[in-house]
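Read through the structure below, which is laid out as structure tokens, and then see the notes.
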Amino acid sequence: MWLGLSGVINTISWIFYYKALKVGDVATVALIDKGSVVVAIVLACLLLKEVITLRMMTGAALIVAGLLVITKKS
């Protein structure tokens, strides 16, 4: 059941992603898409009580730094 639900939600996610690319600016859509990883890390820590390691924090910081670089170039 969970695998099937995951497949349906993933399909819907891709449909919305391509719709956003069609309607909006590619740079903005990419910013939101890549930023979702950082949001997932924060929510995993807050809601699921996941342990955030130095490696995860470094990765999240690099993602945020990359998003800032893309924002400045746009």
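Remarks
- Qualifying residue in the range 4-22 (condition: in contact (Cβ under 8 Å) with a residue 24 or more places away in the chain, open to solvent by less than 100 Å² (accessible area, probe 1.4 Å) and not acidic (D, E)): no
- Within the range 23-74, tally of residues that are outside any helix (DSSP H, G or I), among the hydroxyl-bearing types (S, T, Y) and without any contact (Cβ under 8 Å) to a residue 12 or more places away in the chain: 1
- Qualifying residue in the range 25-37 (condition: open to solvent by 80 Å² or more (accessible area, probe 1.4 Å), more than 13 Å from the chain's Cα centre (by Cα) and modelled with pLDDT of 90 or more): no
The values are calculated or read from the model by the stated rules, or taken from the named source; none is laboratory data. Every value quoted in this text rests on a predicted model; they were computed, and no experiment measured them. Glycine also receives a Cβ, built like all others from the backbone with ideal geometry; neighbour counts cover every protein chain displayed. Accessible surface is based on the protein model in full, side chains and every heavy atom, while ligands, DNA and RNA are left aside. Shrake-Rupley method; radii C 1.70, N 1.55, O 1.52, S 1.80 Å.
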